[in-house]
Structure formats: structure tokens, C-alpha cells
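Worksheet for the structure shown next.
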Amino acid sequence: TPREATIDSECLNMASDFANERVANLQTDIEDFDRSRFAAELAKRMTNEGGEVDWSRVGKVATNLFNAPAKLDLIYGPLSMEPEIKKRAASKRSSQAKPQESAKKKPVVIEKQEQEEATTKEVLKVLKAVYRLTGAPDAPYPHVPFFELIVHPTSFSTTVENMFHLSFLVKDGRVKLFLDEEDIPVVKHRRKDPEGGVITATPGTTRAIHPSQVIVSMTMEKWRTLVRERGITEPMMDHV
């Protein structure tokens, strides 16, 4: 500690003063150490060709004289004191518990449910439009052209979404997709009874539904052609 080192320095200082006093009174024939002469000899032997001291050479010579660095040992040793007991800080567990597997999957499940609900809502919207146009008692048409129904004149993405939502109704048998006398694809609404059949034109009779699928391609160029050639200026579904 600093206090122990201070006590050692005071003791060494007193010993040094006592030793100097004894040496001054000592009469010997030993030649005194000449510092200037030692420095001159050292410079002579350790100077390089440029006239400067080569400290790397000095270091190599001094290395043989000092095998190991001196250790710091206090004369009186450490003062009397109780050993310090280190207290290990207890590790604090995180107050927030690790999320369980169900909690991790919950946002994904909720997001999927929201997407399914949004899709169902849009499908019902298309079904409502087809019903009012072709299936209601006051429906203005027996059937409507497929492309005029789904094409949005200013939005290609909305056109593709309308096709996607209508495909569910065709597969489920709620909407019929067929070719008219001029081989133009048209759609019309058809009702389902509680038992899952389709109510036919003959009262009291039904027939079974066979799930069907229709593949229709739609590209940006084809969409522009339909809008231009069929003169579609307003989306049919938005005015139902």
C-alpha cells in the first residue's frame, strides 16, 4: 500500500544518510569513481560512425548485467489487516421472460388470419356485385361479360385481384363462368341450397356441384388491349 512504501522510503533515507556519514569518515586508498571519465569511456565505446550513441549496443551490453528486473518487496511487509472478502454479485435474471414458442408464432398466425379475413371480405364483395347484376329479382342482365366485370380501366393490380377473388366463387359453384352464343366468356350468379347443391331453373330440383377451375392469363399488355378495344372507362363493380 502507499503507506507501507512511505515507511520503507523513510527507512532507506535514514540508512543512506548514515552510510554517507560513515563513508566520509572512512580513510582508504581506493581511487574515487570519476563520473566524467566513465561517461567519456562509455561514449567512446558505444558511439556509432555518425558520432551518436548507439543505444541498441548499450542495451545489448546492459542485458548481460541484469538477468531479471528487480521485484518490489516491502521491508516491513503488509500492515495488519483483515483479508478482503470479495462478494460475487448475484447475476440478475432478466425481468422479461423468454417468449414461448406459442408467443413467437402468434403474430404470424394473427397476420395470416387478417389476410384470410381481408380475402373473404373481397370475395363477398365480388359475389354481391354478380348477384345484383345477374341473380337478384331486379337484376338488369341475365349474365355479364367476364372481362367487363373484372377489368379496372386505371388499375392493373385491381384487375388481377378481381380475377383472383372471382376464381374462388367459380370453384365454389356460387358463380358460373361459361361461353355465350358468340363464344364470349360471361358470368352469372347461381344459388346454393343448404345441402350444398345448386338450385336449377326448375323449382324444387337441385344438382350436385362439381368443383371446377378455370385458368385465365392476364398481362399488362392484354389488360391495356381489353381497356382500349372494349371501351371500358369505368369499373363495373364500383357502380353496383
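Since every read-out is calculated from the coordinates, none of them should be taken as a lab result. Computed from a predicted structure; not experimentally measured. A quick note on method: Cβ atoms are made from the backbone with ideal geometry, for glycine too, and the neighbour counts reach across all protein chains shown.
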Report, in listed order, any pair from 176/222; 125/222; 125/188; 125/176; 128/176; 121/222 with a Cα-Cα distance greater than 20 Å. 176/222; 125/222; 121/222
Once phi is turned into ³J(HN,Hα) by the Karplus curve 6.51 cos²θ - 1.76 cosθ + 1.60 with θ = phi - 60°, what whole-Hz value does each residue of region 170-175 show in order, with x for glycine and proline? 5, 5, 7, x, 7, 10
Radius 10 Å from Cβ of residue 162, net charge of other residues (Lys, Arg +1; Asp, Glu -1): -1
